[in-house]
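Written below as C-alpha cells is the structure these notes are about.
Bear in mind these aren't lab numbers, they're just calculated from the coordinates by the rules spelled out. Since this is a predicted model, take the numbers as computed values, not measurements. Neighbour counts run over all protein chains shown; Cβ positions are idealised from the backbone, glycine included.
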C-alpha cells in the first residue's frame, strides 16, 4: 500500500475520531431550557426534602411514620434501594471490562457516575434514620481517651466500612477512567474556566505511549479491585437483615439474593437514564439496539435469579417448619402488606418475562417502561422485606401496620432529586461517554495500515 | 430535671421545712440551708404513711418524697386492706396532685368570669350569704345543703356537725354506692351493711357481675384474696380454688374466671336463684328451676346444676353484683345472691359481718333525686359541693345542672375545675388528698390516717378549714352549736383522735403506722337471717319492705331493658373502667393512657361489639357509630371484642369530660348521657343498666387506640397453660409425661441454673423474675407503678395511634379457644427479659446496650444514637423509642424520680429491673463488708411491689434458696419463646386451667380469625 493510501486512510480515521470527540463533547455545551427546567424542578424537590429533614431533626424522628414494631421503614428501604442502584455501575464498568464485553463501552460511564451518585445518596439514609443524628460520629472508629470503639459485631458497623470503601473505590475508578476524556475536553474547552478546570482534572494528560501504558495498567488493577466489591458491598448490606433474628430476614440466601437484586435494579436504572439521554443528545450512533439488547439480557438474567430467590424464600419458610417463618411468608403473600408484595412480584418477576422477546428487548419505548417497573418493583422489594417482616414478628401482641408520612415521602423524593442533581451537573461538566474507549472500538484501520506499511 | 431546677427545689423545700408547714411562705423565697432541716437529706427519700383516696376502698399507702416532692406511692404493707399493694389508680394519684390544670387558688364568679378572691374574703362572703339566706328563708332548715361524696371518719363528723350547727343539711352522693347490696342485706339479714366476703378462705367463688378485681368495693384487697385462693404457682402441691363469673360481658374480672357464664343482661341473678333452688332454698326460688332459668338467661341448665353442686360441695362464696349488673332489679338480684349464699351455707362462714366494710352510704341516688326536685322548686338556697361531680356523673335527663341554676349560692370545693364547678359562684379548691390531713375508715376495725406528704402545690385550702371559718363567721346562732374551739382542721382532727392517741408519742406512732387496725377489738357478729329469710322465703324482701313501710315485694322477673328494639338494637351495658372509675381520675394522663385490660384501648371511649355482630353490621375497629337510647345519643368508635355478647354492646364509664383540664376534657364520650334517670325501685339506687340502644353507622372513622395487635398468641410459646390435674401431679413430684427436650445451641436445656450463669462468675447476682400467668389478672397496676418509678412519659392519643406507647411493662391479653368451646383469657406481663444471650446486644453499633456484670441487659442512654436495630432484633418487642422529646408540663415534672434519668428524644429505653433500686441496695450492703450480698427481699422492683396478686416475683437467680429461683426451677416454669435460646431471666409460670368440671360451650365466644 502506498503512502498516499495510508495517509488517506489516516485522514478518514482522524475525521471519525474528531466526530466522536465532537458528538460526545456536545453534551457539555451550554445547557438549554430543558436542562434548566429539569434542574429547577430537581432543586425544588431537593429543597422540600431538606426542609423535611431539618424538621425531623428538630422535632424528632416521630414525625416519620414509624409504628412500632416497625422500627425501620422507608429510610432503610431507600438506603438499600440506592445501594442496589450503585451496584450495576461497577458490574458494568469493572466486571464486564475484565470479561472484555464490548457492549459495556457505550454505557459504562453513565453507569459508573450513577454508581458514585447512588452511593452518595444511599450514604445519607443511615444518617437520616438515626434518632440522634448529631451523634453519628459514635459509629466511626475514632481514637478517644475513653477507649470507646464501635461494636465490631454489629452489621451496621460493617455497613459503615462497606459503604465507605465502595464509595472510595468507585469514585477513584470513575475518575481514572475519565482522565483521557477530560484531556479531550480540555483541548476543546472554549471558556477559561472550563480550560482551567479540565487542566487540573486531567492531571497533565498528554496521551503519550507511556501514559497510555500506565493508564491501562491502572485501570485494569482498579477493575480488579472493584470487582469483589460488587459482591461484597451488597452482601454486607444484606447482612443488616440476615444477621438479625427477625423471621423473613434471617436467611442464608440473602447475600446472593441481594447482589442479584442490586444488579437487577442497577441495570434497570441504567436503562432508565440512558434512554432519555440518548435522545436528548442525539447519541443514537453510539448507543444502539445492540447495547440495549445486551442490557435487557442482563436484566432478564438477574430477574430470573431474583424470581428464583423469591420462590426459594417461600420454600425455605415452608420446609423449615418454623411457625414464625411460615407466618411471615403467609402474611407476606396474603396479609396486610400483600398489596406491596404483589407489586414487587409483578414488577420484578412477571413483567420482565416480556424480555424473552427480542422485539421488546430492542424497543426503546418498551425497555424504558419495563425499566421503570423494575425500579418500582425493587423499591417495593426492600419495602416488603423490611417493613412487612418487622410488622409480623414473634410477638402477636405487637403486630401492627405502618404507613409513611409526608416527611418520609418528601425525603425519599428529595433523595431522587439529590441524585438527579448530581447527574445533571455531571452530564454538563464531564463527558458522559468514554471517548477514548469508544475510539478503541472503531475499526483499527490505522494499526492495520501500519502493519501493511511494514510488510511493504 | 435540670441542675438549676434541682437546686431551686432543694431551696424551696428547705424553705418549706424551715417554716414548718406554714402555707404563707410562697415558693419564690429562696432560703439557703443555713440550718439544714433534720428530716430532709438530699438524695434520701422520706416516706409518709397515709391513705389512698382515689376510691372509697381506703388502701393504706406509703408516700415517697424526695426533697419535699411526692414522687411515688406504694401500698402500706401493714394495712389490712391492701397489704402493701396498690392499683393503677393509687399508683397514679400524684398526677392529680401535680395536674397542671388544677385550680391554683380561690376564685369568685364576677360578671361571667372567675376572678381571684382571697380565702378570708371567700369565707366571710359565704358566711354572710348563708346568714342572709337563712334569715330570708325564715331559718327553715334545709335551705343550705352540703353535698359531699362519701366520707368517713373525722371529716364526716365535721361535715355533719357543721351542717347541724348551721341548720344546713348534708347530702351524700357517691356514684357507685352499691345501694342495692345494702338494701338486699338489710332485707335478708336486717343490717344495711356490706359484709366481709372471705374470698381467700373459699374454694369456690362465683361472682354475679361483681367486678371485684377492678372496681368493686375494695379491689386491691379482693385481688389479693383471690390470688391466694386461686393462683397456683407450682411451689406447693395444694389444689387451688375455682372461680366462676356470671356476667353479661367478659370484664377483666370475668376474664380471670375459670369459666365465664355469659348471660343476658338483667338476668344473671336468675342463675343464682336457680342454683339456690337446686340447693333446696325453696320459697320463691323454687319457681326458678334450672330449665326455666336457662330459658330466661340463655345458660345451659346443666351448667346451672353443675355450678350449684360445686357450690354445695366446696367452701363457697357468691358475690353479688357490681355496677355492670346494677339494673332496675338490682336489689332482687342481690337478694337472690344472698339466698344462694344462705342455701349454700356461706352465711357465717365466708360471708360475715365481723368487720363490715364501711362502704357507701345507702340511698345516695335517692337523696340526690330528692335534692334535684327541691332545687327545682327553689327550696334550696345554697349548695356547697365537695368531693362530688354530680353534673358529670348523673344522667343529664335528671336535670341536675338545670336545677342547679335555681340555687342562689353555689360553692364548689373541687380541686380541679370540673363540670360541676363550672356552674358554681365560688371555686374554693380543696387540697388533694396527698396534701391533706384526714382519716378514713375503710372497714369497722381499720382507721387509716391521712397526712400531708408535701406542702400544697397551689394556693388551696382544706375544705374543713373553710367550713370552720364559715362556721366561726356565722357563729352558733339560736339552735346551732358554736364553732369548735379548735383553730384548724388539723386541730379538730387531732382532738378527734385524742382518745386513740392521747399523747404525741402515740400520735407519732399512728402517723408512722398509717392508722390503727384493731382487728382483735371487734367481736364477730355473724349474720342472722331475718325471720322471713329463715322461713325460706325468697320474698324476705317482701317482709322487710313491708316492715320498712311500703314498697313492693322483690319480684324475680328478669330486668326489663327499655328503649328501642328490633333490628340493630342492643342491650347496653355500661361499666366502670378500671383506670378511670367514675370519671374522677380522668385528669391523670398515666391513667388516660393505661390500656383497658379487656380491650387495651386508651384515651378514648369505645363501643364493644362482638366480632360476629360487627361483621353483620359491617363494622371494623374504629368505625364510629352513633349509639342512641332515646334518652340521649353519643358517637364512639367500635372495638370488636370477643367478650361482648351478640345481643349486647358495652361502653366504659369515666371519659367524656367537658372540663377537668387538658387531659380529661374532650377525650371520649360519656355514656351516662344515654341513661334515663331510673332507679332500682327497691333500693333507690341508680340503675346503671336498663336501656337498649340503636346502633347506626355514621361513616366516620377514627384510629382505634388499641395497644393490641393480634388477639391470639397463635400457639406460640408465649402464654402457656396446663390443666390443674397435671399441674398438681407435677407439683407433687410427678415426672413430665413427655419431657420436652429444649436442647439448644450449647446442648444445655434452659434451666434456672443455666440462666443464673449468665452473669460474671464473680458477681453474686443474676437478677431474674418468676411471673405467674395464673396469678396475673391484667389490672395494669404494674404499668402505672413502673411509670411512676421510672419517669415513663405519657405520649398522648395521637402517638398511641401509632403504637408509640412507652410502657416498659405491658399486659398482653391473649384469647385462646377452649377445646370444649368458650375462650380462655391469658394475661401475660411482658417486659424486658434481660436475656443471657440478648439479641439486642450484638447488633448495637455503639455498645449502647450491653450485658452488665450482674447479668442485666442495660441501656446507656448517653451512648445511644438511635439506630433502633436493637428493637428490631428483640423478639419480645420490649424496647421503646423516644420518638419525640416528651413533655412534662409544669408541675407534673415535680413528680419525676430524681434517681432515674429522663430520656432525650432519639434514644431507646426499656425495663431496667429498677436498676436504681438494685444500686441503692448495693450501696447499703457495701457498708457491711466486701463480701456482703443483698439479702432476699431487701428491695422490690416497682411492678413487683404493687402487684395486687403477687404475680411478679423478683430476686437473685444465683441464690438457690431465693423464692424466684425456687419458682423458676419449679414444674410450671417456662421461658417465653424459649426455642430462640435467648436465655431470658424472666421465667413464666404457666396458667393453670381446667379446674373442676367440664366447661360449657359458649357459642358467643369464638376466637377464629383473630386480629
- Tell me, how many Å apart are the Cα centres for region B:88-131 and for region B:849-908? 38
- P(r) over all Cα-Cα pairs of region B:787-839, 10 Å bins from 0 to the longest distance, whole percent per bin, short to long, reads 19, 31, 32, 16, 2
- Per-q log10 I(q)/I(0), region B:721-993, q = 0.09, 0.11, 0.15 Å⁻¹ (Debye; single scatterer per alpha-carbon; no solvent): -0.43, -0.65, -1.22
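For a footprinting-style exposure proxy, rank B:35, B:638, B:858 by other Cβ within 10 Å, fewest first.
Ordered by Cβ neighbours within 10 Å, fewest first: B:35, B:858, B:638.
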- Item | Computed [θ] at 222 nm, deg cm²/dmol, chain A (DSSP H ≥ 4; -39,500 (n - 2.57); rounded to nearest 500) | -23500 deg cm²/dmol
- Task: Could you grab the relative contact order for chain B? Cα pairs under 8 Å, six or more apart, rounded to a whole percent.
- Result: 15
- Which shape class applies to chain A: rounded if a/c is under 1.5, otherwise prolate when a/b exceeds b/c and oblate if not, where a ≥ b ≥ c are the square roots of the Cα gyration tensor eigenvalues? prolate
- So for R0 = 35 Å, FRET eff. of residue A:288-residue A:339 from the Cβ-Cβ r, to 0.05, ends up at 0.35
- Task: Considering only DSSP beta bridges where both residues belong to region B:721-993, give the percentage that are antiparallel (nearest 5).
- Result: 75
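Fewest first, what order do B:497, B:260, A:318 take by the number of other Cβ atoms within 10 Å?
Working: B:497 19, B:260 26, A:318 13.
In order of increasing Cβ crowding within 10 Å: A:318, B:497, B:260.
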- Note on the structure: Between the alpha carbon centres of region A:303-328 and region B:944-975 the gap in Å comes to 40
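Among A:263, A:57, which comes first, second and so on when ranked by fewest other beta-carbon atoms within 10 Å? Let's see the in-between values first.
Numbers: A:263 26, A:57 17.
If I rank by nearby Cβ atoms, fewest first, I get A:57, A:263.
Between residue A:54 and residue A:366, how high is the FRET efficiency from 1/(1 + (r/R0)^6) when r is the Cβ-Cβ distance and R₀ = 30 Å? Nearest 0.05. Kindly include the intermediate steps, with their values, before the conclusion.
Details: r = 41 Å, r/R0 = 1.38.
Efficiency for this residue pair is about 0.15.
Relative contact order of region B:373-435, please, whole-number percent, based on alpha carbon pairs below 8 angstrom and at least 6 residues apart.
In percent, rounded to a whole number, it is 33.
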- Item | Debye log10 I(q)/I(0) for region A:117-160, one point scatterer per Cα, at q = 0.30, 0.31, 0.33 Å⁻¹ | -1.16, -1.18, -1.20
- Using alpha-carbon pairs under 8 Å, 6+ residues apart, how would you state the relative contact order of region B:569-701 in percent? 35
- Anisotropy class of region B:569-701 from Cα gyration tensor, a/c 1.5 cut: oblate
- Query: Say R0 is 51 Å: what FRET efficiency, to the nearest 0.05, do residue B:486 and residue B:376 get from their beta-carbon distance?
  - Reply: 0.85
- Note on the structure: So, with points 7 Å from each Cα along the Cβ direction, the residue B:313-residue B:562 label distance in nm works out to 4.5
- Task: Using only Cα atoms, find the angle between the long axis of helix A:364-383 and the longest principal axis of chain A, and express it within 0 to 90 degrees, rounded to the nearest 10.
- Result: 30
- Note on the structure: Short to long, in 10 Å steps from zero, the percent of alpha-carbon pairs of region B:179-347 per bin is 12, 43, 37, 8, 1
- Note on the structure: Note to self, chain B gives a 222 nm [θ] from helices alone (DSSP H runs n ≥ 4, -39500 (n - 2.57) apiece, / all residues, nearest 500) of -7000 deg cm²/dmol
- Pulled fully out, how much extra length does the chain show between residue A:308 and residue A:26, if you take 0.36 nm times their separation in residues and subtract their Cα-Cα distance? 97.2 nm
- Message: Helix A:289-320 against the longest principal axis of chain A: what's the angle in degrees, Cα atoms only, rounded to the nearest 10?
- Response: 20
- Note on the structure: antiparallel share of DSSP beta bridges within region B:569-701, to nearest 5, in %, is 60
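Looking at chain B only, what percent of DSSP beta bridges run antiparallel? Nearest 5 please. Please list the in-between numbers first.
Values: 69 of 115 bridges.
Taking every DSSP beta bridge with both residues in chain B, the antiparallel ones total about 60 percent.
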- Query: Running Debye on the protein assembly as shown with equal point scatterers at the Cα sites and no solvent, what base-10 log of I(q)/I(0) appears at q = 0.04, 0.08, 0.09 Å⁻¹?
  - Reply: -0.32, -1.03, -1.22
- Message: Can you tell me how chain B classifies by the Cα gyration tensor, rounded, prolate or oblate, using a/c under 1.5 as the rounded cut?
- Response: oblate
- Task: Could you work out how far the C-alpha centroid of region B:756-779 sits from that of region B:677-701, in angstrom?
- Result: 47
- For chain A, the longest principal axis of the Cα atoms and the Cα long axis of helix A:209-242 enclose an angle in degrees, to the nearest 10, of 10
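What whole-number value in cubic angstrom gives the convex hull volume per residue for the C-alpha atoms of region A:290-396?
83
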